[in-house]
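What follows is a single structure, written as structure tokens, with notes after it.
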Number of protein chains: 2
Amino acid sequence: MKARVTVTLKTGILDPQGKAIEGALRSLGIAGVASVRQGKVFDIEIEGASDRARAEALLKEAADRLLANTVIENYRIELI
Amino acid sequence: MKARVTVTLKTGILDPQGKAIEGALRSLGIAGVASVRQGKVFDIEIEGASDRARAEALLKEAADRLLANTVIENYRIELI
């Protein structure tokens, strides 16, 4: 089974990387971008076929313990 | 207008970061993950209200020139 975990910064957390990208876009002459915030995405292949509940529990544990810093980041799990 | 650009490695391109995450998950005792591939996500706010075609052109230019390395990465643009 395939899944995607998307990790994004919580609202209010500063994102210097996003700010740098905003600046770089301006330097390149690409105007019209008001703000950029960067996050991470993990495409995960899970062994075994079709137990969605087990897969979701596994991904939640992986996200809580490794993929996301839940103090400053939110995550979303999608099974595909 | 809000948009999300998701950048992922092309098939066949090695992903050492993903491999490291696989190993870390195993070390944590989280079993059942066959593979992990990491990508990036950019949440972008575009100035001006509602010209979807203009926004898409802008995002395509940003992705081609800055956000993605199109030699090794694919990107997908979603307007929200």
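The values are calculated or read from the model by the stated rules, or taken from the named source; none is laboratory data. This one's a predicted model, so the numbers in the text were calculated from it and none came from an experiment. Note that we place each Cβ from the backbone using ideal geometry, even for glycine, and neighbour counts take in every protein chain shown. Ligands, DNA and RNA are excluded from the accessible area calculation, which covers all protein heavy atoms including side chains. Shrake-Rupley method; radii C 1.70, N 1.55, O 1.52, S 1.80 Å.
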Does region A:5-26 include one or more residues that are under 16 Å from the mean Cα position of the chain (by Cα), among the charged types (D, E, K, R) and at the interface with chain B (Cβ under 7 Å from one of its Cβ atoms)?
no
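Table: residues versus (1) part of a strand (DSSP E or B); (2) open to solvent by less than 60 Å² (accessible area, probe 1.4 Å); (3) touching a residue at least 60 places away in the same chain (Cβ under 8 Å).
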{"site": "A:G23", "(1), (2), (3)": "no, yes, no"}
{"site": "A:R26", "(1), (2), (3)": "no, no, no"}
{"site": "A:V36", "(1), (2), (3)": "yes, yes, no"}
{"site": "A:V41", "(1), (2), (3)": "yes, yes, no"}
{"site": "A:I44", "(1), (2), (3)": "yes, yes, no"}
{"site": "A:G48", "(1), (2), (3)": "no, yes, no"}
{"site": "A:E56", "(1), (2), (3)": "no, no, no"}
{"site": "A:D64", "(1), (2), (3)": "no, no, no"}
{"site": "A:N69", "(1), (2), (3)": "no, no, no"}
Selection count, region A:34-80, where residues are more than 30 Å from A:K19 (Cα to Cα) and within 7 Å of chain B (Cβ to nearest Cβ):
6
